[in-house]
Structure formats: C-alpha cells, structure tokens
Amino acid sequence: MTFTLDPSTDPVTLPDHTQLPESDGTFVKNFQEHPQSILLTDSIEPILQKYHPDGQYAIGQDSGIYWRMTEPPEKGAEAPDWFYVPNVPPNLNGQPRRSYVLWQEFIAPLIILEFVSGTGKDERDRTPWTGKFFIYEQVIRPAFYGIYEVQKSRIELYRHVANRFELVAANERGHFPIEELGVELGIWQGVYQNSELPWLRWWDASGNLLFTGWENSEQERSIALQERLIAEQERQRSEKLMVQLRAAGIEPQL
C-alpha cells in the first residue's frame, strides 16, 4: 500500500484508521495477554463511565497507534497491549476503530501498558526513532507508561514530566497512583479465567480492589445468600422460642 502526498492539493489528505493496516501479522505472545487486557478493561469501565458520562473515550487492546507515515504503513505504528485515550469517540463515522491515528485525532493516550513476554528489552528500548520507549516518551507521549512483567510479578510505571519519563514510586500499599482517574495500579495474586497468576489490576484511591462484572455478580449473590441464611436462622429461632413458650403454657402473641 503506497500513499503519496501531492503538494498541489490543499489541504493534504492523510489516510485514516480505515485505510491503515489493523495488524502487522504477528502472533499474540502468550495466552495471558488477552485475559489480562479484558481484566483491566472490565474492572475500570465503571470508573471511565463516571468520568465520561458522554461516552467519549477509547480503549485499545493490542491495537495500533499510528504516529508517522512510513512504507509499509505498519512500520509507523506501535501496538501497546493496553491503552486508554480520554475525550475521543469510541467509534469513528459509525465504524468500530481499527487503530488510533495521532495525525487524525491528536490527543495522546493517558495510559499505555505493555505486558512483557521476554526480557523487557523491547519495552525499554531508547533507540531514537525505533525504540519503543523512545517513541512513547518523545512522540506518542502518554501521561503514564507502564511495563508489567508477569514472570517477576513486577510493575515499572513512568509518568511523563518535562518531556521525559520519570519513574513513579509505589505507595504504602505497593500500588502506583493514577491521580487523574482516582485509581491505583498494582499486582493481585489470584485466579482469573482459570489461571492463577500475579495479575495487573486496578484499585480505588482508598485501596479497594475494583471488581469485574462477574466478581460484582458473585459478590451480590454471596450477599443475597448470606441474607437468606440469616433470615432462615431468625425464623428457626422464632419457631423454637414459640415451641418453648407453648410448652410452658404460654401462648405467644403473634
């Protein structure tokens, strides 16, 4: 696919998300990546809906962010494992997004997260114009960039300050605050989609774990069951008391 810019054309027409490749043809690196992305998205959706009652935000999962024109086009894109962009429509012209095109929309992601499958060398590569860290820091410029290493149960979170990334220190809970959303990012050891792993998860600013929809449903069922058990215990106690009163010749007042 070749794109040419005609200087006689005003304004210049650049390709949009419908004209650019939505994949570079590589495999997802491991079975954990997709469940991890779903877990992050599912649990933070209520927070994002609160901040964006108009629904103007987009979440990308292993999707391309195009930052410059190249041939082939996908060489001018990075595909973070997970990212969130505020104040943009979730769809464009009534079509689902295929990618996020910076020269079309200009707003940088607030958060970009990468899930390390190897040594983390690619995610920390500062080589000018080719290294992932360099491109995120100097070109795409998200407010936060996180590197998650599941094998080490470790998060490395950077904040964009004065044209460079600075490491964010963990708080007393071992979590990393994202003040703009009132949430914290941390490691949760547990079972999700039949896998026990140190999962990357969200907490609120008070340290309460943000549940997925399934977890909320399970909690509601558990509370309802507990309430039924308490009611049944109260009923049995009342019946026992009435039997004792009648045995003593006292007719209970109902």
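The values are calculated or read from the model by the stated rules, or taken from the named source; none is laboratory data. Fair warning: this is a prediction, and the values are worked out from it, not measured in the lab. In this analysis, Cβ positions are derived from the backbone assuming ideal geometry, glycine residues included, and neighbour counts consider all displayed protein chains.
Some points to look at:
- Matching residues in region 156-182 - criterion: being among the hydrophobic types (A, V, I, L, M, F, W, C) and farther than 18 Å from A205 by Cα: V161, A162, F165, L167
- Residue satisfying condition, being exposed (fewer than 13 other Cβ atoms within 10 Å of the Cβ), among the hydroxyl-bearing types (S, T, Y) and under 25 Å from P198 (Cα atoms), within set T119, T70, T127: T119
- Filter result for I38 (within 17 Å of the chain's Cα centre (by Cα) and buried (at least 18 other Cβ atoms within 10 Å of the Cβ)): no
- A count restricted to region 44-97 and to residues that are assigned to a strand (DSSP E or B) and of a type in the set (S, T, Y) stands at 3.
- The listed residue being closer than 26 Å to N87 by Cβ, in contact (Cβ under 8 Å) with a residue 60 or more places away in the chain and assigned by TED's automatic domain parsing to the domain that holds I47, out of R141, R201: R201
- The residue that is farthest from F31 (Cα to Cα), counting only those in region 104-116 that are surrounded by 20 or more Cβ atoms within 10 Å (Cβ to Cβ) and among the β-branched types (V, I, T), is I111.
- Yes/no for E234 being closer than 30 Å to S117 by Cα and among the charged types (D, E, K, R): no
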